[in-house]
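Here the structure comes first, spelled out in structure tokens, and everything after it is commentary.
The values are calculated or read from the model by the stated rules, or taken from the named source; none is laboratory data. What you see is a predicted model, and the numbers here were worked out from it, not measured in a lab. Cβ sites come from the backbone with ideal geometry, for glycine too, and all protein chains shown count toward neighbours.
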Amino acid sequence: MNSLLRRLLFAAGVIAMVCPFAAQPIGAPGQPQSPAATARPEPVVDNGEFMDLFLKSTYTELQLAMAAPPADRKAWAAIYQKAVRLAEMQNLLFFRDRDEVKDPRWAEHTAAGRQAAADVANAALFGLRNVAKADFATVRQKHLALVDACNACHKTFARDAPTIKP
């Protein structure tokens, strides 16, 4: 019994010595935090340049892939890949360095554009998985909804932005 009591007291002492250190945050106060601890997404280029370099080229690739009804799985895959890439690019619009981002319509338009591109991707994915039942007319409809979503945002926030065409 005496041996058990000594072990318990020893364990309690170790815990008492370790606990204060375990509760401390990494990096003591006054010490700089590591870049990984403070890393956040932030824009590298302004919004116009972002649109020109990334969204315009990504949309143009989708537009070219949809120029004619897909003849095989490879063509359906191309539409899917380009549409899903465009949907992911839309996510980058949520944290642009512009005053408009504070306007609730910015998030609404950005989400609508992202969803419209995702809808094109999902419709193309159905065609990719079921070539015999593939429906290019549905993909085309979703694409027109994407065009409308892009143009609605441009009309609201960038009147000098180009009108997107199908």
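Below are the figures for this structure:
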| read-out | value |
| --- | --- |
| Condition met for residue 90 (surrounded by fewer than 22 Cβ atoms within 10 Å (Cβ to Cβ), in a helix (DSSP H, G or I) and without any contact (Cβ under 8 Å) to a residue 40 or more places away in the chain) | no |
| Only listed residue being at pLDDT below 95 and either closer than 29 Å to residue 158 by Cβ or in a loop (DSSP other than H, G, I, E, B) (or both), chosen from 26, 79 | 26 |
| Selection status of residue 60, in the same structural domain as residue 147 (by TED's automatic domain parsing), surrounded by 15 or more Cβ atoms within 10 Å (Cβ to Cβ) and of a type in the set (Ser, Thr, Tyr) | no |
| Some residue of the stretch 116-130 being over 13 Å from the mean Cα position of the chain (by Cα), under 19 Å from residue 55 (Cα atoms) and among the small types (Gly, Ala, Ser) | yes |
| Sole residue being outside any helix (DSSP H, G or I), within 30 Å of residue 140 (Cβ to Cβ) and modelled with pLDDT of 65 or more, chosen from 32, 69, 41 | 69 |
| Qualifying residue in the stretch 125-142 (condition: within 30 Å of residue 44 (Cα to Cα) and surrounded by 15 or more Cβ atoms within 10 Å (Cβ to Cβ)) | no |
| For residue 90: the one exception among (1) in contact with a Gly (Cβ under 7 Å, 6 or more places away or on another chain); (2) more than 28 Å from residue 39 (Cα to Cα) | (2) |
| Meets criteria (within 22 Å of residue 60 (Cβ to Cβ), at pLDDT below 95, assigned to a helix (DSSP H, G or I) and not charged (D, E, K, R)) for residue 125 | no |
| Scan of the stretch 97-120 for residues that are surrounded by fewer than 18 Cβ atoms within 10 Å (Cβ to Cβ) and among the charged types (D, E, K, R), ordered by number | 97, 98, 99, 100, 102, 103, 105, 108 |
